[in-house]
Amino acid sequence: MSLVYAGPAVSLRRYGAVEASDVHDFHQVVLGLDGAMDMSVDGVERRIDCRGAWIIPAGARHEYSSVATENRQLVLDLPSASVAVPEGYFERARPISVGLDVTRLVRQIALDARDSKRFAWHAATQLCEALLLGEAPPDVRRLDFARIDAWMRARIAQPLVVADLAAHCGLGLRRFHQLFVEAFGETPHRYLQRLRLDAAVLLLNDPRRPLSDIALDVGFSDQSAFNHAFTRRFGMAPGGWRVEGAVGGF
């Protein structure tokens, strides 16, 4: 039996002037789009507009209200084990500033937004990668998870040699493995597997790419191994995912 993980959700929302509050069992990113809104999480309050976002860990109660009649936010819900993002990214609630690349991506996703599993995975994968690229380096005593994530993405088709990654971080193998699990919430090989499948979701958007080529491009030994891993995670084979997208749109 396939083990289908809960997928991400991407939605456009408007907030009212009356203050409300929520708490979720999944991580959430609220990205400003139009107008502005106020949010307070764990005693930190910040107003965000199109150049800002809120990072909200699972279980963190947050209060919010709008400061403009016309406002829109792009909200990304990330259940555990959905899109590949280091757990350390959601260690604490915080407002962040976003660059022009993220702003443009948010607007493009908002224009294309639709209610489909395929669209949500595609958009969430792009957003998470863009947000990680802009992450500030952590405390020197901590593992730089954004740098490691980028290193793994750049070598996604290559076999993972954990010792090489540990050396890249200037750490011994045992200490690196311990810090990696603390920062990412899983082992290096499991995280790489999720990165590879996220990358496959993006590549499947091109109907001209043969499935066998995509399998090799994201680091699987053959199409059979790719099909098995993809089906286990998404609940359907890569070919079915591609057909569903062609029928229902991106």
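Observations
- Within the range 35-57, restricting attention to residues that are open to solvent by 10 Å² or more (accessible area, probe 1.4 Å) and among the hydrophobic types (A, V, I, L, M, F, W, C), the residue that is nearest to Val102 (Cα to Cα) is Cys50.
- So Ala215, is it small (Gly, Ala, Ser), surrounded by 15 or more Cβ atoms within 10 Å (Cβ to Cβ) and either on the phi < 0 side of the Ramachandran plot or at pLDDT 90 or above (or both): yes
- Restricting attention to the range 224-234, the residues that are open to solvent by 40 Å² or more (accessible area, probe 1.4 Å) and modelled with pLDDT under 95 add up to 1.
- Scanning the range 13-34 for residues that are part of a strand (DSSP E or B) and exposed (fewer than 15 other Cβ atoms within 10 Å of the Cβ) yields Arg13, Ala20, Ser21, Asp22.
- Of the numbered criteria (1) modelled with pLDDT under 90; (2) closer than 30 Å to Gln178 by Cα; (3) surrounded by 13 or more Cβ atoms within 10 Å (Cβ to Cβ); (4) aliphatic (A, V, I, L, M), the one Ala113 fails is (2).
- Exactly one residue out of Ala60, Ala81 is more than 23 Å from Gln108 (Cα to Cα), in contact (Cβ under 8 Å) with a residue 60 or more places away in the chain and open to solvent by less than 40 Å² (accessible area, probe 1.4 Å), and it is Ala81.
- Filter result for Gln178 (modelled with pLDDT of 95 or more and either assigned to a helix (DSSP H, G or I) or closer than 28 Å to Phe226 by Cα (or both)): no
The values are calculated or read from the model by the stated rules, or taken from the named source; none is laboratory data. Everything numeric here is computed off the predicted structure, so don't read it as measured data. When we count neighbours, we look across all protein chains shown, and the Cβ atoms used for this are built from the backbone with ideal geometry, even at glycine. Accessible surface is based on the protein model in full, side chains and every heavy atom, while ligands, DNA and RNA are left aside. Shrake-Rupley method; radii C 1.70, N 1.55, O 1.52, S 1.80 Å.
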